[in-house]
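Everything below concerns the one structure shown next.
The values are calculated or read from the model by the stated rules, or taken from the named source; none is laboratory data. Just so it is clear, the structure is predicted and the values come from calculations on it, not from any experiment. No Cβ is skipped: glycine too gets one built from the backbone with ideal geometry, and neighbour counts run over all protein chains shown. Ligands, DNA and RNA are stripped out before the accessible areas are found, and what is left, the full protein with its side chains, is counted by its heavy atoms. Shrake-Rupley method; radii C 1.70, N 1.55, O 1.52, S 1.80 Å.
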Amino acid sequence: MIVGAQWGDEGKGKVTDLLAERADMVIRFQGGNNAGHTIVRDGETFKFHLIPSGILYPGKPCAIGNGVVLDPGVLIGEIEGLKGQGVDVSGLKISANAHLIMPYHLLLDTAGELRLGKLEIGTTRRGIGPAYADKASRLGIRVQDMLDPKILRQKIMAALEPKRQIFQELEVQRKRMRDEGVDTAGLDDLDARVDLHAMTEEYLTYGHQLEPYIADTSRLCWETLDRNATVLFEGAQGTMLDLDHGTYPFVTSSNPVAGAACVGAGVGPKDIDEVWGIAKAYSTRVGAGPFPTELTDDLGELLQQRGGEVGTTTGRSRRCGWLDLVALRYAVRLNGMTALALTKLDVLAGVGPIKVCTRYRHPDGAVFDDFPYHQSIIHSAEPEYEEVPGFDEEIGECRSLEELPLAARDYLDLIADRTGVPVALVGVGPGRDQIIWTRPPAI
Ligand code: GDP
Ligand code: IMO
Ligand code: MG
């Protein structure tokens, strides 16, 4: 299993692509098209939002599990885009039980953010939170519902009903904002997004287009495991964005931690042998919320530029900072991590001495070696750093630990030592071959 060990965008797509070669099936188990997973292969760039990053292996079963929230229009666009790039998507499977993102979910996501104003979460505005909220309220609409006109219409009607008043209030809010000269993008096509008839027709068409891919993906996992073959679970987002364990409320609305894979794919916990946490050699975060090691100075900008830290999904600049070992140890614990894959080590070349946060200090003097459970402490935590020597050599061509500068090797040793898990793979560039295997997986 592959999970994000930080705030997302750690390079999960690239590692999934690498490990998928050895796996017999790949499955996404949570999140939706808030994810953006980039893979660079032979100089060509592929971006995935919903389709598992294993799809580049022709015919390999790649499933979107029941725990994912799925925007069918986006998925169809992604399928067409990949076909256009010459990718064989015949291995794609979509869980019949996955919940759908509906047009009104996007509307509610935007409206929620506008209501929060300066306190916004900085969501991707893809309707993720409202879709999961409807799922929990038992007002969700599932992939299988798109195959039955009567059921689809009834379910959309039931989902719209309790929201009518909210939509009316939104209409008033939109008019007021427009009068005040505030940007109302995302609210403008309000009527079309709550039109029962148009929506039913649109989603029936999607159902028709996606029908060949719809399957019982939990059973498919079981069948694969039953013949002693390997399933690779591809996480989205990251541990610090977890709905339960992240920096709530500045989190996503699903559980990116390893435990959620059992629910989101429909397998038992004993089927998980290895959990790899993917972490960058530094930290990034996109969207609002606490980020203790954030660098708001020139150095932060240097990391942002050297790392090309721009969100794949929203195009927003990612906030950058030093590696946070307090948060990373927390992620190791929460995910039962068996190894780390450390990406983007190349980005640290030439940035000078490297700092790592080893503990937090609260303004009242209290010191935290472990990630504090109290939210206000996280918000005011000051990182305490250890400084280690940096390296100036570009390392994009290195393919073994021995080829790395000594300071880079020492940095890797320090991370393994302080987290208690081995570093199994090191990323030295975006390309598929720009890796150093230090401990190949047992698959
Ligand atoms: P994901 O969401 O976890 O899959 O990560 P993203 O794809 O959103 O962001 C990671 C970015 O870093 C992508 O643009 C990758 O191509 C790139 N990347 C992955 N590994 C490395 C690496 O080792 N070095 C560098 N320089 N870039 C990398
Ligand atoms: P991948 O899979 C980084 C962030 C958003 C926002 C918060 C909530 O590419 O690592 P949401 O739209 O989910 O309700 O937004 O979560 N976020 C991500 N940040 N990588 C992601 O995915 C993210 N998916 C959501 O920026 O702060
Ligand atoms: Mg990403």
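With respect to the chain, whose longest principal axis is taken over its alpha-carbon atoms, helix 149-160 is tilted by about 70°. A Cβ-based charge dipole, computed about the Cα centre of the stretch 99-213 with Lys and Arg at +1 and Asp and Glu at -1, lands at about 360 debye. Toward the positive end of the charge dipole of the chain, with +1 on the Cβ of Lys and Arg and -1 on the Cβ of Asp and Glu, the farthest Cα among GLN165, GLY315, ALA229 is that of GLN165. As a ratio to 2.2 N^0.38 Å, the alpha-carbon radius of gyration for the stretch 144-248 is 1.58.
Label-to-label distance, SER90 versus ASP392, with points set 7 angstrom from Cα along the beta-carbon direction: 5.5 nm. Per-residue SASA remark: CYS398, around 10 Å² accessible (1.4 Å probe; ligands, DNA and RNA not included). Placing unit charges on each Cβ (+1 for Lys and Arg, -1 for Asp and Glu) gives the chain a dipole about its Cα centre, and among LEU107, ILE39, LEU425 the Cα reaching farthest toward its positive end belongs to LEU107.
Gap in Å between the Cα centre of the stretch 1-54 and the Cα centre of the stretch 296-338? Between the Cα centre of the stretch 296-338 and that of the stretch 1-54, the gap is 17 Å. The stretch 134-174 and the stretch 60-108 have Cα centres separated by 20 Å.
Ordering ILE156, TYR203, GLY65 by the projection of their Cα atoms onto the charge dipole of the chain, which places +1 on the Cβ of Lys and Arg and -1 on the Cβ of Asp and Glu, puts ILE156 at the extreme positive end.
For the chain, set up a Gaussian network in which alpha carbons nearer than 10 Å are linked by springs, and say which option among VAL231, VAL182, VAL332 fluctuates the most. Among VAL231, VAL182, VAL332, the largest mean-square fluctuation in the Gaussian network model of the chain belongs to VAL182. Loop-located GluC sites (Glu not before Pro) in the stretch 168-200 (DSSP state other than H, G, I, E, B) with a sparse environment of at most 15 neighbouring Cβ atoms within 10 Å: GLU180. Principal-axis analysis of the Cα atoms of the chain puts helix 325-335 at an angle of about 50° to the longest axis.
Spin-label model, ASP188 to ASP417: label points 7 Å out along the Cα-to-beta-carbon direction sit 5.7 nm apart.
As a fraction of the 1.4 Å probe accessible area of the stretch 99-213, surface on carbon and sulfur atoms comes out at 53 percent. What would the Debye formula give as log10 I(q)/I(0) at q = 0.14, 0.18, 0.34 Å⁻¹ for the alpha-carbon point model of the stretch 92-136, no solvent? Evaluating at q = 0.14, 0.18, 0.34 Å⁻¹ gives log10 I(q)/I(0) of -0.37, -0.55, -1.17. Here the Gaussian network model covers the chain, with springs between Cα atoms less than 10 Å apart; of ALA158, ALA98, ALA236, ALA158 fluctuates the most.
According to the square roots a ≥ b ≥ c of the eigenvalues of the Cα gyration tensor, what is the shape class of the chain, taking rounded for a/c under 1.5, prolate for a/b larger than b/c otherwise, and oblate for the remainder? Cα axes put the chain in the oblate bin. The long axis of helix 72-84 is offset from the longest Cα principal axis of the chain by roughly 60 degrees.
Less than 11 Å Cβ to Cβ from ARG153, Lys/Arg counted +1 and Asp/Glu -1: what total charge do the surrounding residues give? Around ARG153, the surrounding residues sum to -1. Between GLY54, GLY431, GLY65, the GNM of the chain built on Cα springs shorter than 10 angstrom shows GLY431 fluctuating the most. Net charge dipole, the chain: roughly 1100 debye, given to the nearest 20, about the Cα centre with Cβ charges of +1 for Lys and Arg and -1 for Asp and Glu.
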